[in-house]
Structure formats: C-alpha cells, structure tokens
Amino acid sequence: MKVLNALELGDEISSIQGRIEGAQLQRTWTDGDELLCLELHGKDSLVILIDLRRAHPFVVFLWGQELLARWKDVSKTFTKKPKPLSLFLTAHAGNLFVQELNWRAEEGRVVEFHFGKANSPRRCDLRLVLVPHAVNAIVEAGEKKVSWNPTRELAATVTDLLPPEPRDWQQWGQDFLSWRWPGQATSRKSSIDIESKLRKDLAKKIVARGKLEESLHSDLESRLRQMGEALKQPQEVPEEFMDLWDPRMTVAGNREKAFAKAKSLKQKRQGTELRLKTINEEIARMELQLVHPESIRASPKQAPPGTRAMANSAARGRTLQLAGGLQAIIGKSGADNLAILRQARPFDLWLHIKDEPSAHAIIFRNKGQSVPHSELERVARWILEQKTRGKLSQPMKFEVLVVECRYVRPIKGDKLGRVTYHSAAVFSLVYDRASQT
C-alpha cells in the first residue's frame, strides 16, 4: 500500500477534523513494536492507528460500527505492551479532549494533535512525523518531552504535487486493515450492492476529471514565464505578479524560481494529459456498465498486467508465469526494458543482476501481494539463463537486487535503458548452468 504524500495526508486530516475535535482520549496502547493505538469517544467511538514502521508510516482513522467491529477482531491477536511514549501520553493526555488536529502544510507529512480541557491547565501535544525513513512520534507536556525515535531535522519539503483524487477515507481504512494484517482482517459482508458502489466510484472519477481539466487549463505556467522575463529588467515587480512573488527571496532568486517552476509544470503536463485520457476511458466504461447492468457481473477477464504493459508500450519481451498469478517480463532490448518499466505500477518489483548490464526483469503482482523468495530466485535464474545463453562453464555467484518500481528512475536522455534506483533489497545466488539443464 502506497504511503500518502503530503497533500493526500492533508486531505485525510481535513476529512476527519469535524468528527474528531472534541473527542476524549480514553485509552492508549502499543503492540510493543511499531504500532501506537489511541481510542477516543466523542460523537462516535473512534480509533486512531499510528503505524510507525520506518519505510511505511501511516495514521489511519477508524469509525463506524462495521469498521470498528472489524478492528476489534484484528486487535484480539495483539499482545499489548507498554512503551515509554504510550505511558507518558496516558499520564499527560488521558481523559483530555482533542482541541485541535492540524496538518502542518509547510512541513509536509507532519500532523499535530492538541489535547486539553476547558477550565483546566492540563495540556498535551502529540506530533507525528510521517516521512519515510524519518518517522517519529513526539509527545510534549509542559517542559517534558518523550519521542518514539531520536528527533532529527526534516529535509526540505516538496509541495509541488498534483491535487489528490477524492477518496472515501472510511473505505481506505478497510483497505489498510486488509493490507496490514491480511491473514486477520477478513472482510465482513457489505450491504452495498455492486451497482451502488459503481455509481459512487463514477462520481469520484468525474470529480477527479474536473480537477485534472482545471489544472490543464490553468495559466500558471505562462504567468510564471512572464514573471521570469519581467524580472530580467531593472524595474519594480509588476502588480499582476505580486501573488507569485516571494518577499523572502531576492529578485534573482524569484526569477530562477519562476523559470524552474514553469519548467516543472510543463514536464508534468504530459503526465496529466495521460492520466486524463485514462480516467475518461474509465468513466466511459462505468457509464456503459450502468446502462447495461448485466455487464457488471459478466465483464470479460482482463489480460494479466504484464501482458497489458507490453501491449500498451508496444515493447517486445519474454514472459514467465509464476505461482500465485504472478508474471515476470524481460524485454528483448534495453529500449524494450525501458518501455515496460514505464508501464509498471509503483508496487511491481524490478529485479536486476548486479554489475550485469541489461540483466533485469519486472515481476507484475497485485498491490500488497508478497512474492516468495523461491520465486525471486526462479526469476533471477531465468534472467541469467536469458543473459548468458550457456556461456558460463563454471558455477558463479551473483548478487540480485530487488526494488519496488516506484524507486526506479530511467536516466533522462539515455537510449540504453539505464536507470537509477534506491531502497534495494539484496540476496546472493549461485548460478550453475549444468544444474539448470
């Protein structure tokens, strides 16, 4: 499940503020590992799950009878163990009320809870830093402070993001439970029929389309370029650009910033147009299904995602079917590999034999689906088999890199299909051509 970006986190917080403000903190506990749970009661019962894993931090709000019942089933399996932060939060914020819940837009993925009580001097603040690899929870009461991890400075925040698509955050909570605890969070029967869900999904898509069209029709890129050109002349800042002017920066700094942001918007336009085309196709398909309801349940089976990726990119490649419906694809050239990578989803896996040019494949999987180590080894051996074509006469040891495609970036302008990557997992493999035959 993808970690929320700053704007998505802000959208989640704004959706819950009216429900949570005024709620009383009744219980705080942890699983002794990476989960902090807050139980509150206000207009309704509400649970806050704070997942403090280093690479996948989340704050998730659960409410509603069905969702809370599902969480109750999941939480029965936990052994609740105290940690210094949970004990401190219980002592200083227990039975206090949520007076404010804020998303710190200027800091990016940072959320703050302010607990207090009318006519009482007791105050307590909980600050969540949900930046991957800089995750933290910090509780302050008076001059005392306790943190989950050692505190550190946050890197500069990138706020130049597309507006998030509208989302049903209650359904997102259901999806989170299924992803985080797949063996325990079994789905309960829903009263919403397929057609009703389709209508809701269609409404969300239409709203998302409107926002994308609005961003495409915006004249911000043009205005930024005009501002940059105007600032080349020794004159006062034109009145029409004062809303874009940053008084903390020099004229030269504002000029460079305007040109850089205009360039960034131009580069993003192509992606937005592609996203708009995709969403228009989805809306047309949904509208057709509503006109012919019988087609909802009789939709033809889609081709596997790897096959679709090759078809959409017009690339040539070889396919390996794996257990659990997984599929691995190797391009026949560097250009084919690059084209297939551009069609891969963020959660698909990129496998590369270290120090071997063009020796890589992509495993297409479902979101949240784990890939057994035996299948990773099988794909690695397949890559080497395709790469060496029987040229290895002696067993050799290789290192295999496994990276989610979200962390793999093509090198701009490179025609050989080379990429940069980070957050790789590594395992060793001894390849013996004789044992493969």
Which members of segment 12-24 meet the condition of being touching a strand residue (DSSP E or B) at 6+ places or on another chain (Cβ under 9 Å), farther than 14 Å from Glu112 by Cα and in a helix (DSSP H, G or I)?
Ser15, Arg19
Name, by its number, the condition in (1) crowded, with 20+ Cβ neighbours inside 10 Å; (2) in a strand (DSSP E or B); (3) not aromatic (Phe, Trp, Tyr) that does not hold for Arg27.
(1)
Leu68 fails exactly one of the following numbered conditions: (1) without any contact (Cβ under 8 Å) to a residue 60 or more places away in the chain; (2) assigned to a strand (DSSP E or B). What is the number of that condition?
(2)
Considering only residues of segment 114-147 that are in contact (Cβ under 8 Å) with a residue 12 or more places away in the chain and basic (Lys, Arg), which is surrounded by the most Cβ atoms within 10 Å (Cβ to Cβ)?
Arg127
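Based on this model, can you work out whether Phe115 counts as over 27 Å from the mean Cα position of the chain (by Cα), in a strand (DSSP E or B) and assigned by TED's automatic domain parsing to the domain that holds Asp168? Don't jump to the end; show me each part of the working.
Details: over 27 Å from the mean Cα position of the chain (by Cα): yes; in a strand (DSSP E or B): yes; assigned by TED's automatic domain parsing to the domain that holds Asp168: yes.
Taking the combined requirement at face value, the residue satisfies it.
Among the residues of segment 78-113, write down those that are of a type in the set (A, V, I, L, M, F, W, C) and surrounded by fewer than 16 Cβ atoms within 10 Å (Cβ to Cβ). Break it down stepwise before answering.
Applying the first criterion (of a type in the set (A, V, I, L, M, F, W, C)) to segment 78-113 yields 78, 85, 87-89, 91, 93, 96-98, 101, 103, 105, 110-111, 113.
Passing the criteria: Leu87, Ala91, Ala105.
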Answer yes if at least one residue in segment 376-397 is modelled with pLDDT of 90 or more and under 25 Å from the mean Cα position of the chain (by Cα), and no otherwise.
yes
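Of all residues being assigned to a loop (DSSP other than H, G, I, E, B) and within 35 Å of the chain's Cα centre (by Cα) in segment 217-238, which is nearest to Ala258 (Cα to Cα)? Just the residue, please.
Taking segment 217-238 first, the residues assigned to a loop (DSSP other than H, G, I, E, B) are 218-219, 231-238.
Imposing the further condition that a residue be within 35 Å of the chain's Cα centre (by Cα) reduces the set to 218-219.
Details: Ser218: 15, Asp219: 13 Å.
If we take residues in segment 217-238 being assigned to a loop (DSSP other than H, G, I, E, B) and within 35 Å of the chain's Cα centre (by Cα), then Asp219 is nearest to Ala258 (Cα to Cα).
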Quick check: is even one residue across segment 209-216 outside any helix (DSSP H, G or I) and exposed (fewer than 13 other Cβ atoms within 10 Å of the Cβ)?
no
Of all residues in segment 169-196 being exposed (fewer than 14 other Cβ atoms within 10 Å of the Cβ) and not polar (S, T, N, Q), the one that is modelled with the highest pLDDT
Pro182
When Ala55 is evaluated against the numbered criteria (1) hydrophobic (A, V, I, L, M, F, W, C); (2) under 19 Å from Trp148 (Cα atoms); (3) surrounded by 15 or more Cβ atoms within 10 Å (Cβ to Cβ), which criterion, by number, is the only one it fails?
(3)
In segment 239-288, residues that are within 28 Å of the chain's Cα centre (by Cα) and over 30 Å from Ile194 (Cα atoms) total 13
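Would you be able to tell me the number of residues in segment 318-334 that are in contact (Cβ under 8 Å) with a residue 60 or more places away in the chain, out of contact with any helix residue (DSSP H, G or I) (no Cβ under 6 Å at 6 or more places or on another chain) and not small (Gly, Ala, Ser)? Full working, then the answer.
Of the residues in segment 318-334, the ones in contact (Cβ under 8 Å) with a residue 60 or more places away in the chain are 318, 320, 331, 333-334.
Retained after the next criterion (residues that are out of contact with any helix residue (DSSP H, G or I) (no Cβ under 6 Å at 6 or more places or on another chain)): 318, 333-334.
Filter once more, keeping what is not small (Gly, Ala, Ser): 318.
Within segment 318-334, residues that are in contact (Cβ under 8 Å) with a residue 60 or more places away in the chain, out of contact with any helix residue (DSSP H, G or I) (no Cβ under 6 Å at 6 or more places or on another chain) and not small (Gly, Ala, Ser) number 1.
For (1) closer than 15 Å to Leu25 by Cβ; (2) over 23 Å from the mean Cα position of the chain (by Cα); (3) not in a helix (DSSP H, G or I), each residue gets a yes or a no:
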{"site": "Asp73", "(1), (2), (3)": "no, yes, no"}
{"site": "Glu100", "(1), (2), (3)": "yes, yes, yes"}
{"site": "Glu106", "(1), (2), (3)": "no, no, no"}
{"site": "Cys124", "(1), (2), (3)": "yes, yes, yes"}
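The values are calculated or read from the model by the stated rules, or taken from the named source; none is laboratory data. Keep in mind that this is a model prediction, so the values were computed, not measured. Positions of Cβ are backbone-derived with ideal geometry, glycine not excepted, and every protein chain shown enters the neighbour counts.
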